[in-house]
Amino acid sequence: MPMMLSRSRPQRDGFLNHVVSGLLPMPEFVASEVTFTPQIEVTTESALYRGLRAAPSGSWEHLLADHLDRWFADFYPGSMQHDALTLTAALGLPFVDSTQLHVAMDAIGRTTEAPRGQGATVRWSMSAEYDAFMRWMSAALLQPVDVASTSGADSPST
């Protein structure tokens, strides 16, 4: 059962209390139920990995493929791109579908949905466009960059 936000539990509820009081703007939460999915997992079989591996030796893409190889060998045979998906929400990109919810902390500190008029109003992820996200990320990582047109053009003069 959700609990009311309280000043008596500042470590746990402080952030949400500041949202309720208007000191902080409405945050967006991207829940693991949305981001923890094999649909956004990079493995040695994925097109993104194969594209990174095919890059010239010494390139940053090849370095990223080497890093993924070490991850696969030392930890797990795949890498879910939940952080990258969450970042797209922060950047306002259209891959995470969110709605407004009222949330509170339960007795052990878990975020739970609160009855309307209670808790803090936040944006909460409900779903994501996984295929579109993976296409976007692959294009962003594998698309050739014209270094001559980007180097220093937008840099401030020193």
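Tabulated results
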| read-out | value |
| --- | --- |
| Candidates 52, 48 - the one that is at pLDDT 95 or above, over 19 Å from the mean Cα position of the chain (by Cα) and not in a loop (DSSP other than H, G, I, E, B) | 52 |
| When residues of segment 37-69 are limited to those that are β-branched (Val, Ile, Thr) and touching a residue at least 40 places away in the same chain (Cβ under 8 Å), the one least open to solvent (accessible area, probe 1.4 Å) | 40 |
| Residue 70 being at pLDDT below 85 and out of contact with any helix residue (DSSP H, G or I) (no Cβ under 9 Å at 6 or more places or on another chain) | no |
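The values are calculated or read from the model by the stated rules, or taken from the named source; none is laboratory data. These numbers were taken from a predicted model, which means no experiment stands behind them. Cβ atoms come from the backbone with ideal geometry, glycine included; neighbour counts cover every protein chain shown. In case anyone asks, the SASA skips ligands and DNA or RNA and just uses the protein heavy atoms, side chains included. Shrake-Rupley method; radii C 1.70, N 1.55, O 1.52, S 1.80 Å.
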